[in-house]
Every structure is written in C-alpha cells, then in structure tokens.
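One structure is given here, and the rest of the page talks about it.
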Amino acid sequence: MNRELISVIDEIGRQKGIDKTKVIGAIEAALQTAAKKRFGQAENIQVEIDSKTGEISVVSKKIIVESVSNPKAEISLKEARAYDSEAEIGDEIGSLIEMDELGRIAAQTAKQVIFQKVREAEWEAVQKEYSTRQGDLVNGIILGMERRNYLVDLGKTEAILPIQEQIPRETYRRGDRVKAMLLEVRRTPKDVQVILTRSHPQFVSKLFELEVPEVMEKIVEIKAVVREPGDRTKIAVTSREKAVDPVGACVGIKGSRVQAVVRELRGEKIDIITWTSDPRVFIAEALNPATIEKVGVDEEKKSALVVVADSQLSLAIGKNGQNVRLAARLTGWKIDIISATEYEKEKAERDKEIKAALAEEAEAQRQQEEARQQEKAQQEAEG
C-alpha cells in the first residue's frame, strides 16, 4: 500500500504540476486529522511519510512528568523508561500507533481531507502560474458548454470563456481549437477560475502584437482600441520612429497582417487610424472610412461638429450610428455630424439672422442718434 501511495503522489505531481512535498504534506495533515478524530484532539499526534518508501509513521508524543494529570498529553517517568531507559522528566517521548487503529471512519475522513488538500494545492499551483499571465494570449481546446459558457482545456487546467466575453454569433464545437486572452484568475471558495476573453479590446491589441513585429518591438504604439465585438473595431496607432508608417506597418503588404487579425475575429471590420494630438485631425481620421470636409471643435465642452458631403453622411454615421459612436469613444469627444447641404442651409440661416441682427442694431443706433440730435436742437432753441 505504501508503494502505491508514493505512485499516486508521483502521478498527481506529474499530471497536475504540483510539488511532491506539498502532496505529502497534505496527506500527513489529513492522516493527523483522522488520528486526532480517532484518539481525541488532546492527543499530540504527528504523522510523517517517507518520500522514498511511502512508509507512514503515526506517533503519539507525550511529555514525561512525575505525576500524570492529563494521560493524553503526559506520561510518567516509570512508564517512559519502559520504552527508553535514558528518559528524563521534561523530555518528550513518542509511541507508534498502528495504522489499523485509525479505524474505517477515520480512514474515510482522511480520504476526504486528502482530496481537499490536494485540490487546494492544485488551485494554488494554477493561481501561481496563471495570475502572472493575465493579458497574455493562450490557446486551448473546447471541452464543451455549461450554462452558455465554454469550458476550455489549457493543458494544465480548465478555463472558462463566459458568454459575456464571447464574440457575438461565434460558436464552437467540442474539440475545436480557440485562441483567447487570459482576462483574470478568480479565487472562489470552491476553486480557482481562469477567465478568458475574446471580446475585450485588449484582445485585438494582443493579436496585432502577435502579427506586427513593430508593435511587439514597441516601435509602433497602440494608443487606443474600441470595439463592438463581432462588428467593428477602431484602433489608433502612432510611431516612435519617423521612418515607420504606423498604419502601413499594421496593415502589412497587401493587407496580410490586418487580414490575419480579421480572420481570427471571424470577419470583424477593423479601421486603423493614425493617432494625433490635434483633435480636428484625429476626429476626422476616427470617422474613417468616411471622407470629412470640415471639423469644428469646442474645446471647453469637448464637442465637435463634423461636416461631410451628402453622399458620405450615412457612411460617417454608420449602421445604427456605430461609426460615429466608436469614433466618439476612441477620441473622447462628443461628435455631431451634418451634411454639407444642411450645413450650408444652417449657415445661410445664421447669416440671415446675423444680417437681421446687424440691421436691427444699426436701426437702433440711427434712432438713438436722431433722438440725441433732436434733444440737442431743442436745448439750443431754449438757450
């Protein structure tokens, strides 16, 4: 049985990547719990397992005293010297307890505690390994679905791809390979959960990092990413070197790099734009693929009025307002879009209003001047 125990420990260590000493420590603690349950909590019981042979030693330790008041923790000098002729008052002496004495109930308890301790050791190993990898890309195999969440085999542990972290309308079958970003490692009272995501904007950044060497080498910097997963992503990039075109680097020859990302995202549209500190230029770029005629900004309110050709209006706004919505999120500005015709109409109305206001003001000034002249003439007549 002892050799079988060591074989089990070795197997657990290999399969789960758990330190052998932790498993042995867990079993020692479990057997100690079982022994104390059998012989009483007051017993000073220690359990040791030989890591090579699997030999289990269960020892009940007692203090040697002149007069015994607590038989579970103390032993008389006379009784102690029956085991050790050199025993003295105040020494600690141990006596072996046969494993059979633990009894069936205690053995079952030990089994349960062993299972729990091994699970805890496994959780710690998972947490230690994966908590340092948050934000990294991982590859796994779909194991199945549970409550609309995909279970993913990462090799050393299972991960969860929750419904809210999935790309809408994306489906997998058991055995399919999947690439995702490790979002977080969550400790619960029952286990450690490794949470994956494919819908997070950072997932797109990581994919570009994988496909674009200039991004990996930090020559090209991704300043911002906004997404409506499954539909469209907008990404703003800049270059640390003047000779490197950040958009061109991300697009690649004949679009090879961006297309690799699009394929991974199952056809999601990606707009790559050049980041700039000039809000007018940045807003115009952010509304890509629409062509912009004019951008007016109110820096105090951080709002912008964008004018586009009539034929570009629907493109600038996007389906259900998606394009302008993503542009606003990317730039951090409130964006209103109007057509050139509407702008000219409003401009003409504003010009008309301005002319009317100027004419009204001129008439008022004329009347005031006329009143002053009349008053002056009256004063001269009276004088």
What FRET efficiency comes out for the pair residue 320/residue 172, r = Cβ-Cβ distance, R0 = 22 Å, nearest 0.05?
0.20
Go through region 51-59 residue by residue and turn each phi into a ³J(HN,Hα) via Karplus (6.51, -1.76, 1.60, θ = phi - 60°); whole Hz please, and just put x for glycine and proline.
5, 9, 9, x, 5, 9, 10, 10, 10
With an 8 Å cut-off on Cα pairs and a minimum separation of 6 or more residues, tell me the relative contact order of the chain in percent.
8 percent
By how many nm would the segment from residue 309 to residue 134 lengthen if fully extended, with 0.36 nm per residue of separation less the alpha-carbon distance?
58.5 nm
Under the helix-only model (-39500 (n - 2.57) for each DSSP H run of 4 or more, divided by the residues of the chain), the mean residue ellipticity at 222 nm, to 500 deg cm²/dmol, is -14000 deg cm²/dmol
Which pairs, out of 52/190; 20/206; 20/128; 20/156; 206/269, put more than 26 Å between their alpha-carbon atoms?
52/190; 20/206
Once residue 37 and residue 298 are pulled to full extension, the length gained, defined as 0.36 nm per residue separation minus their Cα-Cα distance, is 86.4 nm
If I take R0 = 25 Å and measure r between the Cβ atoms of residue 241 and residue 179 in this structure, what FRET efficiency does the formula 1/(1 + (r/R0)^6) give, to the nearest 0.05?
0.25
Taking the Cβ-Cβ separation of residue 281 and residue 191 as r and a Förster radius of 45 Å, what is the calculated FRET efficiency to the nearest 0.05?
0.35
Multiply the residue separation of residue 116 and residue 357 by 0.36 nm, subtract the distance between their alpha-carbon atoms, and state the gained length in nm to one decimal.
78.4 nm
Return the percentage of antiparallel bridges among DSSP beta bridges fully within the chain, rounded to the nearest 5 %.
75 percent
Hey, for a label at residue 340 modelled as a point 7 Å past Cα toward Cβ, could you say which residues of region 255-292 have their backbone N under 14 Å away?
291-292
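Computed from the coordinates by the stated procedures, all read-outs in this text should not be read as laboratory data. Values in this document were obtained by computation on a predicted structure and should not be read as measured data. Glycine gets a Cβ as well: all are built from the backbone with ideal geometry, and neighbour counts include every protein chain shown.
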